[in-house]
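*Asks:* So that we are looking at the same thing, I have put the structure below in structure tokens.
The values are calculated or read from the model by the stated rules, or taken from the named source; none is laboratory data. Keep in mind that what you see is a predicted model, and the values were worked out from it rather than measured. For neighbour counting, all protein chains shown are included, and Cβ atoms are generated from backbone atoms with ideal geometry for every residue, glycine included. We work out accessible area using only protein heavy atoms, side chains counted, and drop any ligands, DNA or RNA first. Shrake-Rupley method; radii C 1.70, N 1.55, O 1.52, S 1.80 Å.
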Amino acid sequence: MKKQVLVIIGMHRSGTSASTGALRYLGVDLGDRLYQGHAGINDKGYFEHAGIADTNDEVLATLGSSWDDVLLRSNDWWKQEKLALYVHKVHRLIRQDFSRSPLWAVKDPRVCRLLPWWLEIFATLQIAPHFLFVVRSPAAVHRSLEKRDGFPREKSFLLWALHYLEAERYSRGYARTFVDFDRFLEEPVESLLRVERELNLTFPVSVDEAKAGLSNFLSPDLRHHTAEQEPREVHPIPELAQDLHAELLRATGGASLNTTVMDELWVRMERIQQGFPEALVSHIRSSGIIRGDLQITLNRIFRSWSWVIGKPVRWMERRFGRDV
């Protein structure tokens with residue numbers, strides 16, 4: 001019998017951290033090396049495996065990209081030989097941390113943009129992927145990205161659409177289910193029972209047994225931004241995102257996802273991309289390389305012993321407002 005992995009799908013700031021954190025109470029293995037949260041952003045944690053997230057950043061940088069790249073990639077990009085090094089690295093991480101786990105989860109929004117590459121890794125290791133799409137409105141995600149990263153509305157909406165369109169396209173044919181994040185916070189038990197049923201999984205800890213832990217973890221403060229019903233926008237990017245969100249919401253309500261509609265939305269994304277001026281595309285690609293390399297450097301700094309040892313000094317400097 002194949003081992004099973006639950007792949008959490010969603011755009012950055014879409015509720016994937018809270019959803020994945022809840023899975024811990026059901027006995028789903030997330031690994032021991034998780035990124036810590038940040039106050040006011042993800043207070044309770046990101047629940048991302050540090051080694052996997054760092055490797056995804058390295059893959060994106062190798063492709064001349066970064067986590068906030070708004071461009072589609074060329075066909076069969078995942079078959080490039082230069083990615084082989086990272087395939088071996090992920091194989092090692094999975095064997096080290098999850099070889100004895102009957103059910104584990106990987107949560108990193110970058111997986112949405114790298115899914116064909118990850119599917120080949122799962123196939124090689126004979127791991128059966130199951131997909132949990134966590135859906136949150138593009139407007140709510142934008143408000144969060146605007147606060148954290150200063151992103152303009154069109155960039156947030158375009159990124160949002162790319163994450164879900166690519167993940168949906170390449171996950172077809174696999175077991176998958178769709179959950180509305182707002183409803184999940186209000187009805188976590190019912191939502192998780194539906195996830196278990198629709199993905200034909202058995203959580204190591206039953207949802208009933210986990211009720212107390214889930215209730216304590218899924219507090220209202222996990223939802224920092226909400227999005228009321230917004231007026232229809234007559235502009236290609238927000239219009240695409242709003243139509244995509246409506247289709248995904250229908251799926252969270254139990255309706256079958258209409259792949260014909262999803263294909264039409266994909267074509268609309270391609271048309272938007274084809275309308276980008278060549279100079280803009282060149283600028284995005286060059287800045288993506290710079291941002292990708294910077295992210296890798298930051299990852300290495302944050303995981304270095306010197307950074308860990310220096311934490312008390314940095315705390316004292318913040319506490320007393322001067323150099324120590």
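*Asks:* Can you tell me which of Leu71, Leu85 is surrounded by fewer than 18 Cβ atoms within 10 Å (Cβ to Cβ) and touching a residue at least 40 places away in the same chain (Cβ under 8 Å)? Working first, answer last.
*Replies:* On the way: Leu85 fails: touching a residue at least 40 places away in the same chain (Cβ under 8 Å).
The unique qualifying residue is Leu71.
Yes or no, residue by residue, for (1) out of contact with any helix residue (DSSP H, G or I) (no Cβ under 9 Å at 6 or more places or on another chain); (2) at pLDDT 90 or above:
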{"residue": "Ala22", "(1), (2)": "no, yes"}
{"residue": "Leu34", "(1), (2)": "no, no"}
{"residue": "Asp69", "(1), (2)": "no, yes"}
{"residue": "Ser74", "(1), (2)": "yes, no"}
{"residue": "Trp78", "(1), (2)": "no, yes"}
{"residue": "Leu85", "(1), (2)": "no, yes"}
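*Asks:* Filter the range 123-142 for residues that are surrounded by fewer than 20 Cβ atoms within 10 Å (Cβ to Cβ) and either within 20 Å of Thr202 (Cβ to Cβ) or touching a Leu at 6+ places or on another chain (Cβ under 6 Å) (or both) and give the result. Spell out how you get there, then give the answer.
*Replies:* Residues of the range 123-142 surrounded by fewer than 20 Cβ atoms within 10 Å (Cβ to Cβ): 123-128.
Within the range 123-142, Gln126, Ile127, Ala128 qualify.
*Asks:* What number of residues within the range 172-191 are of a type outside the set (S, T, N, Q) and part of a strand (DSSP E or B)?
*Replies:* To start, the set of residues in the range 172-191 that are of a type outside the set (S, T, N, Q) comprises 172-176, 178-190.
Of the ones still in play, those that are also part of a strand (DSSP E or B) are 175-176, 178-180.
Result for the range 172-191: 5.
Yes or no, residue by residue, for (1) surrounded by 11 or more Cβ atoms within 10 Å (Cβ to Cβ); (2) modelled with pLDDT of 95 or more:
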{"position": "Val261", "(1), (2)": "yes, yes"}
{"position": "Val281", "(1), (2)": "yes, no"}
{"position": "Ile301", "(1), (2)": "no, no"}
{"position": "Ser306", "(1), (2)": "no, no"}
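*Asks:* Consider Glu166 carefully, then state whether it is under 29 Å from Phe98 (Cβ atoms), acidic (Asp, Glu) and out of contact with any Asp or Glu (no Cβ under 9 Å at 6 or more places or on another chain).
*Replies:* Details: under 29 Å from Phe98 (Cβ atoms): yes; acidic (Asp, Glu): yes; out of contact with any Asp or Glu (no Cβ under 9 Å at 6 or more places or on another chain): yes.
Yes: the conditions hold for Glu166.
*Asks:* Considering every residue within the range 25-48, establish whether at least one is open to solvent by less than 40 Å² (accessible area, probe 1.4 Å), touching a residue at least 12 places away in the same chain (Cβ under 8 Å), among the hydroxyl-bearing types (Ser, Thr, Tyr) and within 29 Å of Ile237 (Cα to Cα).
*Replies:* Scanning the range 25-48, I find at least one residue that is open to solvent by less than 40 Å² (accessible area, probe 1.4 Å), touching a residue at least 12 places away in the same chain (Cβ under 8 Å), among the hydroxyl-bearing types (Ser, Thr, Tyr) and within 29 Å of Ile237 (Cα to Cα), so the answer is yes.
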